[in-house]
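A quick write-up on the structure given underneath.
The values are calculated or read from the model by the stated rules, or taken from the named source; none is laboratory data. Only a predicted model underlies this, so the values are computations on that prediction, with no experimental measurement involved. Please note: Cβ atoms are built from the backbone with ideal geometry, for glycine as well, and neighbour counts cover all protein chains shown.
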């Protein structure tokens, strides 16, 4: 059987690569904002797109509904993850606005929040939430999640 949690964790590695690129570009941005802005714009668009498919679709529509059979959505780790997803989406927008407005402080503040929060968020999912899922989901549940992930992936390949 294909393991949907491994798929999600591998996607996290890709996201962390983008986060690392944003982080290193933010260091350069401090001294050379004009030179770094195009790369940061490209990276935040890439991150936003990956986050949309991975977190807002695959996790929130694929994994979390199945986990809600044993964990309530509004309490505990699922609610925390969804809350962080929502806040990260807001910060992506602030980051983009800062880049478009040339607002150095806005870019640095939002960028710092995004990079640190996303690293912590992924750690919690990989090491806590997915372990909870692995302990409680049956092989049928895992297959259901896998099928939903593949359906979502297919939608975005078109």
Could you figure out which of (1) in contact (Cβ under 8 Å) with a residue 60 or more places away in the chain; (2) within 16 Å of residue 7 (Cα to Cα) isn't true of residue 60? (1)
Please return the ranges of helices (runs of 4 or more DSSP H) entirely within the stretch 93-158 where 2 or more residues are within 20 Å of residue 48 (Cα to Cα). 104-124, 139-157
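Residues of the stretch 63-81 being in a helix (DSSP H, G or I) and surrounded by fewer than 19 Cβ atoms within 10 Å (Cβ to Cβ), which ones?
Pass one, the stretch 63-81, residues in a helix (DSSP H, G or I): 63-67, 76-81.
Matches in the stretch 63-81: 65, 76, 77, 79, 80.
Looking only at the stretch 117-149, count every residue that is free of Cβ contacts under 8 Å to residues at least 40 places away in the same chain and closer than 16 Å to residue 4 by Cβ and tell me the total. Steps first, answer last, please.
Keep residues of the stretch 117-149 that are free of Cβ contacts under 8 Å to residues at least 40 places away in the same chain, which gives 117, 120, 123, 127, 131, 135, 138, 140, 147.
Now drop any that are not closer than 16 Å to residue 4 by Cβ, which leaves 131, 135, 138, 140, 147.
Qualifying residue count, the stretch 117-149: 5.
A quick yes/no check of all residues on (1) more than 29 Å from residue 157 (Cα to Cα); (2) in contact with a helix residue (DSSP H, G or I) (Cβ under 9 Å, 6 or more places away or on another chain); (3) at pLDDT 95 or above:
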site	(1), (2), (3)
70	yes, yes, no
106	yes, yes, yes
109	yes, yes, yes
140	no, no, yes
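Before we move on, is residue 13 within 27 Å of residue 132 (Cβ to Cβ), loosely packed, with under 15 Cβ neighbours inside 10 Å and modelled with pLDDT of 95 or more? Break it down stepwise before answering.
Values: within 27 Å of residue 132 (Cβ to Cβ): yes; loosely packed, with under 15 Cβ neighbours inside 10 Å: yes; modelled with pLDDT of 95 or more: yes.
Against the criterion (within 27 Å of residue 132 (Cβ to Cβ), loosely packed, with under 15 Cβ neighbours inside 10 Å and modelled with pLDDT of 95 or more), residue 13 qualifies.
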